[in-house]
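Q: Provided herewith is a single structure, encoded as structure tokens, for subsequent inquiry.
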Amino acid sequence: MTQQSTTSQRALEPEDAKAQLRSKIRKARADRSERRLHEHAEVLRDLVLALPSVDSATCVSVYASRRFEPGTLPLIEALHQRGVKVLIPLLGDGLRRGWGLYQGAEDLVERAPGRPPEPSGEFLGQEALREANVIVVPALAVDTLGTRLGQGGGWYDRALCDASPDAPIVALTFAGELWDSSHPLPREDHDVTVQAVITPQGVTRLPA
């Protein structure tokens, strides 16, 4: 992203600037091969598992990744094999926010085209997130101030209101999607700050 294009986006309203960025990042993500995506997912798994907060966790919330997102299925399975309770987002009736308990890869089902896979078990209400010791969230980009650019639906910004205040929020992105604070991402009042961002290149801890 050039400084000129970033400056141009700053002149837009935050919502419009976000829409432009989402379009550019999604196009860039579409160029990654299946092999590279799989390699990245394994590296991200190892980096997340090495976090002290994850190493001591008994419950972790992790998004179930779609095709062009930073992959989480190896991470989810590794946590499950450790005996960690893994909460995965569930979309209930009327867009109701909730969570499902991961019980194995064969249990994850894509219920509609383009939607993330979901576990088939019991629908747990939004308050279930308070049990999570760490929350791993998707992001199209994150800046070094902790601002996260999501997919645009606001699902996580609303859901994170139910998180324990002690639970670190960790975003996963690809290389090139971590922005320096000298050119910050557009931000709105409802945006929830993340405490760390992990790319296949490593972990960046952000200001609280």
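Every residue, every condition in (1) surrounded by 14 or more Cβ atoms within 10 Å (Cβ to Cβ); (2) free of Cβ contacts under 8 Å to residues at least 60 places away in the same chain; (3) at negative phi, yes or no:
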| site | (1), (2), (3) |
| --- | --- |
| 53 | yes, no, yes |
| 56 | no, no, yes |
| 61 | yes, no, yes |
| 72 | yes, no, yes |
| 77 | yes, yes, yes |
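Q: Would you tally the residues in the stretch 180-208 being part of a strand (DSSP E or B) and either without any contact (Cβ under 8 Å) to a residue 12 or more places away in the chain or among the small types (Gly, Ala, Ser) (or both)?
A: From the stretch 180-208, those part of a strand (DSSP E or B) are 196-199, 202-205; that's our starting set.
Among the residues that remain, those that are also either without any contact (Cβ under 8 Å) to a residue 12 or more places away in the chain or among the small types (Gly, Ala, Ser) (or both) are: 196, 202, 205.
The total comes to 3.
Q: While we're on this one: Tell me which residues, restricted to the stretch 180-198, are closer than 19 Å to residue 135 by Cβ and either of a type in the set (Val, Ile, Thr) or modelled with pLDDT of 90 or more (or both).
A: 191, 192, 193, 194, 195, 196, 197, 198, listed by residue number.
This table checks each residue for (1) aliphatic (A, V, I, L, M); (2) farther than 24 Å from residue 205 by Cβ; (3) touching a His at 6+ places or on another chain (Cβ under 7 Å).
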{"site": "44", "(1), (2), (3)": "yes, no, no"}
{"site": "51", "(1), (2), (3)": "yes, no, no"}
{"site": "56", "(1), (2), (3)": "no, no, no"}
{"site": "69", "(1), (2), (3)": "no, no, no"}
{"site": "77", "(1), (2), (3)": "no, yes, no"}
{"site": "81", "(1), (2), (3)": "no, yes, no"}
{"site": "97", "(1), (2), (3)": "no, yes, no"}
{"site": "103", "(1), (2), (3)": "no, yes, no"}
{"site": "123", "(1), (2), (3)": "no, yes, no"}
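The values are calculated or read from the model by the stated rules, or taken from the named source; none is laboratory data. The structure displayed is predicted, hence computed values, not measured ones. A quick note on method: Cβ atoms are made from the backbone with ideal geometry, for glycine too, and the neighbour counts reach across all protein chains shown.
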